[in-house]
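Enquirer: Here you go, one structure.
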Amino acid sequence: MASSRDDFVIAIRSAFLKKSYQQKFSLLTYIFLSVIIVILGSFNFKPVQYVKIGINEIVYRSSFIISIPENYLKNLTIKLEAHLSLYDQFKKNQTELKNLKEKKLNNDFLILENKKLRELINETLQSDDLYAKVLVDKDSPYLKSIILNKGSKNNVKIGMAVVDNSYLVGKIIEVNYTNSRALLLSDLNSKIPVLLEPIDIHAVVSGTGKNHGVIEYTKDDYDQKIKDQKIIVYTSGYGGLFKPGLPVGKIINDKKTNENIVTFFSDFRQLDYVKIVSYEIGSGN
Amino acid sequence: MSSLNKNSLIKALLFYIPIFFLFTSVLNEIDFNYLEIEYFSFNFAYILIFYWTLKNPRYLSYGSIFLAGLINDVVVGLPIGISSFCYLLICAVTAYLRNITITPNFINDWISLLFTILLINSIQVVSLDFIFSIEVNYMRYLINSGFTFLFYPIFLSLFNILEKKIKIQKND
């Protein structure tokens, strides 16, 4: 009995403390080092943050180069899918284009009217756009985020909105000198204040870790109100993070689960270039 | 003379293939998400580290594994140090297995891998969820662990072929 316990202790000691050929430190040293890094990182210890920023600068660029073959495969799959559904897509687009042309005339009038009304109440809405290339789109099971090639050098700040054409895709959560990381709307930790139109209900869209979001924190029971209605989700601008009125997605009923889900307008798999947007509501007074 | 130089170059290159694979996998983090197979993912780095450190730690030094973990944290966006800790725990299990095993047995190794990935994924989930307050999808972790476990025999046979080649070059 004592002998088997001794064997176990010897095996454990040897595993953790024995330095193999050409190993400078034992396994236990490295384990301690990583635990110390985790603990210091959790307290936002400055030197660890600087090390992280330093690694980020090198790693993001290297990751972009190494991901080229995988990205090529990904684009090939998307192209093939597009080719296979070409005719159906064309027919659908034709109908949609006709509808959109009609709507555009109406929209042009509304934009002009909105501008005049803002002038009337002396309110200005200034926004700065910055174009960024997506270096890496790590759609890992743990974090849905993208790495952009613009950082603090280009005045990118934490919390800025990231849009694809005019659709919201996420917000900046980490800024390095030449690059930054944006958390996608689909991530589990993403929560943004939105407005459901035309029923005019404020809510929060949460990511699910999948390719869609869900509506949370509605005061009213909105399920009844959205029946037979086409609901579009826009940013509400609450909290001052996002510009109000950025289109996010639309609410559809998931037939599998019979739940209302938010399908995002932007396809997060196909992001090449995005806009980083900051805005300011100013008063003319 | 030139063939001798060529041989030694191939020998050196083959010896560094496991390290090359490890750094490529952490920098690339192959996810197969573009295939739109819901929940399909496996952790190639876990399999790689488990196999090569179990065979012989000379192929993958602890220092390079530690560095690969830091890089993985940066790429995936996890708090820095967590992946290094998890990778080194795999090394600890394989070092222990090497010490207690006289004749290697595939089934024992496979079961040990399952135990190891369940342990390190639990540590990762607990530290992310409770210490760093990052919400994680438990189901995804479970499925990731399952696929990693299931894919081990496939990669084992591929790595065995590679290891034989490395050994042959070494004996030459």
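Enquirer: Given the criteria closer than 23 Å to B:L54 by Cβ and among the polar types (S, T, N, Q), does B:S133 qualify?
Expert: For B:S133, the condition - closer than 23 Å to B:L54 by Cβ and among the polar types (S, T, N, Q) - is not met.
Enquirer: Given the residues B:T116, B:T103, which is the only one that is outside any helix (DSSP H, G or I), β-branched (V, I, T), farther than 12 Å from A:L27 by Cα and more than 12 Å from chain A (Cβ to nearest Cβ)?
Expert: B:T103
Enquirer: Please go through segment B:68-78 and give me each residue that is in contact (Cβ under 8 Å) with a residue 12 or more places away in the chain and buried (at least 19 other Cβ atoms within 10 Å of the Cβ), ordered by number.
Expert: If the condition is that a residue be in contact (Cβ under 8 Å) with a residue 12 or more places away in the chain and buried (at least 19 other Cβ atoms within 10 Å of the Cβ), then B:A68, B:G69, B:L70, B:I71, B:N72, B:V75, B:L78 are the ones that fit.
Enquirer: Regarding segment A:79-91, can at least one residue be identified that is of a type outside the set (D, E), open to solvent by less than 80 Å² (accessible area, probe 1.4 Å) and at the interface with chain B (Cβ under 9 Å from one of its Cβ atoms)?
Expert: no
Enquirer: Mind checking which pairs have a first residue in segment A:74-95 that is under 19 Å from A:R269 (Cβ atoms) and a second that is among the small types (G, A, S) and in a helix (DSSP H, G or I), Cβ under 9 Å, 6 or more apart or different chains?
Expert: A:Q89/A:A82
Enquirer: Among (1) within 30 Å of B:A12 (Cβ to Cβ); (2) assigned to a loop (DSSP other than H, G, I, E, B); (3) open to solvent by less than 20 Å² (accessible area, probe 1.4 Å), there is one condition B:V136 misses while meeting the rest; what is its number?
Expert: (1)
Enquirer: So A:I192 fits all but one of (1) at pLDDT 80 or above; (2) over 17 Å from B:E135 (Cβ atoms); (3) not hydroxyl-bearing (S, T, Y); what number is the exception?
Expert: Of (1) at pLDDT 80 or above; (2) over 17 Å from B:E135 (Cβ atoms); (3) not hydroxyl-bearing (S, T, Y), only one is false for A:I192: (2).
The values are calculated or read from the model by the stated rules, or taken from the named source; none is laboratory data. The model shown is predicted, which means the values in this text are computed figures rather than measured ones. Neighbour counts run over all protein chains shown; Cβ positions are idealised from the backbone, glycine included. Note: accessible area is taken over every heavy atom of the protein model, side chains too, but ligands, DNA and RNA are not part of it. Shrake-Rupley method; radii C 1.70, N 1.55, O 1.52, S 1.80 Å.
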